[in-house]
Amino acid sequence: ELWKVKRGITADNNAAGAPAMRAALFADAAPAGWSVWQEHDGAYLKLSDADLKAGVSGKIVLRYEGEVPAGLTAQEAKDYTGPTVGSAPNRTPAAITAESTMPVVGFGLVGNVPADEEVAVRFGYEARSFTPAATANNEEPATQYGRAMVKTLGSVNLVNDETDAAANVTVENGESAVINSEGGYLVSKVQIAVPENKPAVSGISLSGLWATDANGFGGVPAAVLMAYKKGEDGGDPVPNLGDDGAPDTSKDARERSTFVGVPGEGGVVVVDVTELSEAQRAALDFSSRDSLREAGLSAIPYKVTEEGLLALTLDDDEGAVAAGKERTFYVAAPYALSARELEDAPEALPGAKGASPLGAAQAGTSVQKFKPVVNELDVSVLVRTQGKAVALPFHERMSATFTRTADPEAPAAPAAPEGEGNGEGDGEGEADDPDPDSQPAVDEPQQEESTYTPPH
C-alpha cells in the first residue's frame, strides 16, 4: 500500500534516489464517459488526470459512467450528469451500448528497468447487469442483475528495449458520405509513411468495426461483411449463401472462409490506391466493379472475427513500406438506406473524431440527414530492427453523417417496334384498330410471354 501511494501514482524517487521501477498505465485524461480507480486493500481511490499523465500502477479499474450527448446547454449537461447514488432522476446512465466510447490508454515502464526486462500486463472485465434491447413486443425490457467476470481476457507484454522503429499513420473518413435508395459507402483513408533513415515497415495489419445496434441499425452487419467469399485460385468472388439462400454467418463459415468486398453488391471493399493520382482516387466509384477495374484495382480479402471485426494482414511486398515512402489504402464500407435513421441531432457522437463536416449538402442533394454513424479502425505496422520484430499500433474512432441524394434513374422501357399492332392491318404502317365486335370471345385474357430482361 505504501508503494502504491508513494510510487504507484507519482514519480517520487525511492530511497536510493532512483525512480521506482514499475509498469504503468498512461492517459492524458480519463477517457470520455469513464472514471479510473486504483485498488487499495479492497477499497478504491479515484484517480485524477494528473495521476494518469504521471502513470498509475497496481490494479486499475476503468468504470463506465455514461456520456453526455452533444448539443446540450451547460445546465442540461449538469442535470444529465448528476449523482449516481440511489434513485436520483438525473443520475448518469451506465449502460454500455454499441455507441459507447471505448477507453483508449497506453502502457509503459517507469524507472531504471533493466534492459530486456519483460513485464506482463493482464486485463479483463466485469459486468453487474444486462438490459436486453427493446422490441415492439417488449418496449421496456427488465434489467437482469448478476456478476459476469473474466479476470484475464488477454495480456500485453512490455519490454524495456529502445527501438529506432517509427511510422506515421493517418486514419480519417472522407469529406462526404452520401446515400440513396440503393445504399451508400463510407470511405476511410489509411496512410502509412516511414520517415527517412528509419527501418522499413515489413507488414501491415488492419481491423475495422462498423457496429450495429441490436436491430441492425447504424452499421455494417455480419451478413454484409460476409456476403462474398474470395474466389479460388484468383477467380471471381463467390456468394456466401446458406441453405436458406441468405448469407451464411455461421461460426463454421466465418472460421473456414476468407471474404472480399464486391463493389455495389456486398462486403467491405479494401483497396491499395498508392499508385493512383489524387484525381484518379477522387473518381473512384465503389458501387461499380467497372470503376475499380478501370483503375487497375483489386479488392483485398479479409477475415471476420468472432466479435464481428474485419481483419486483414499484408506481408511481403503487399505490406512493405520503405524508408521515405508511404502507402495509402481506402476502406469502403457499404450502408443500406433501410438501416439508417433520420435525426435532427448532433453532428457527431460523444468522444468521436469528426474533423470534417461530413454529410454537408452537395450539389443536387437534399438536406435530409441521418443519425451519425461511428466507425473504428485499428492499424498495426510491423518493423524488423535490431534483430527483433516491433509492432507499432494505431487506433482511430471516427464519426460521419450520411446525406440523402437523388435516386438513380430507372432504365427506360424498350419501345415497341414500328408496324406492330393488335388487329389486322393492310401490311403498311401501323395496324388498323380492330372492331371489338369482330373479335372472337375468349374465356380468359391471353398474355404473351415477355422476353425483355432489364439491365443489371
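Side notes on the structure shown:
- When only Cα pairs below 8 angstrom with a gap of at least 6 residues are kept, the range 206-252 shows a relative contact order of 25 percent.
- Excluding ligands, DNA and RNA, the accessible surface per residue across the range 255-302 is 48 Å² with a 1.4 Å probe.
- Violating pairs (Cα-Cα greater than 25 angstrom) within the set Lys325/Lys388; Lys53/Lys303; Lys189/Lys325; Lys46/Lys151; Lys230/Lys251: Lys53/Lys303
- Percent accessible area from carbon and sulfur atoms, the range 288-338, protein chains only, probe 1.4 Å: 44
- Å² of accessible area per residue within the range 100-178, as computed with a 1.4 Å probe and no ligands counted: 70
- Modelled spin labels at Asp252 and Glu139, positioned 7 Å past Cα toward Cβ, are 4.2 nm from each other.
- Burial order of peptide ranges 119-129, 175-185 (average beta-carbon count within 10 Å, highest first): 175-185, 119-129
The values are calculated or read from the model by the stated rules, or taken from the named source; none is laboratory data. The model shown is predicted, which means the values in this text are computed figures rather than measured ones. We place every Cβ from the backbone using ideal geometry, glycine too, and count neighbours over all the protein chains shown. Only protein heavy atoms, including side chains, enter the accessible area calculation; ligands, DNA and RNA are left aside. Shrake-Rupley method; radii C 1.70, N 1.55, O 1.52, S 1.80 Å.
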